[in-house]
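The values are calculated or read from the model by the stated rules, or taken from the named source; none is laboratory data. None of these values were measured; they are calculated from a predicted model. No Cβ is skipped: glycine too gets one built from the backbone with ideal geometry, and neighbour counts run over all protein chains shown. Side chains included, ligands, DNA and RNA excluded: accessible areas come from the protein's heavy atoms. Shrake-Rupley method; radii C 1.70, N 1.55, O 1.52, S 1.80 Å.
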Amino acid sequence: MFDKHRTKDGHEILIAQMSDSHLTNTIRMLCARLKQARLYTEQPQSILYEALGVSPEGWNRDDALDVIRWVHEKLPAYVTEATLRGLVVTDHLQDAYGRITQIQPPQFPRPAGQLKGLLNPYSTDGLEDADFDEP
């Protein structure tokens, strides 16, 4: 792991050189920022705040999305190092993302068995000669 971490006083160290408590606290801070940004974007009033040009956090939706992108860029290196050390950070991640299970795939309007012809538009399975127009 050669990713670097910048300390509060501006020094750079390898993430692999961080103490367990410093590493865990950094992950907790990143997760807190992610959760704050996620909750802001999920609030219906965030659109109203943006229209009015104000928000309690001083953010707009783009700011919140920038925070989410920034955390997604930084977080993997820290989580990988924590995992290598056997540190448990699952609770922080679950809280930040607001879920503990898989995201369910979208449901089609029909059962899968009824999609046979839709999956392959060139298939003639199940069609009778009467289904085709005469030229």
Is there any pair with a first residue in segment 72-87 that is within 10 Å of ALA16 (Cα to Cα) and a second that is of a type in the set (Asp, Glu) and part of a loop (DSSP other than H, G, I, E, B) whose Cβ atoms are under 7 Å apart and which are 6 or more apart or on different chains, and what are they?
ALA77/ASP3
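Conditions (1) of a type in the set (Val, Ile, Thr); (2) at negative phi; (3) at pLDDT 95 or above; (4) open to solvent by 30 Å² or more (accessible area, probe 1.4 Å), marked per residue:
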site: HIS22; (1), (2), (3), (4): no, yes, yes, yes
site: THR26; (1), (2), (3), (4): yes, yes, yes, no
site: GLN36; (1), (2), (3), (4): no, yes, no, yes
site: ILE47; (1), (2), (3), (4): yes, yes, no, yes
site: ALA51; (1), (2), (3), (4): no, yes, no, yes
site: SER55; (1), (2), (3), (4): no, yes, no, no
site: ASP62; (1), (2), (3), (4): no, yes, no, yes
site: GLU81; (1), (2), (3), (4): no, yes, yes, no
Residue that is most open to solvent (accessible area, probe 1.4 Å) [pool: residues in segment 6-17 that are closer than 25 Å to ASP95 by Cα and at pLDDT 95 or above]
ALA16
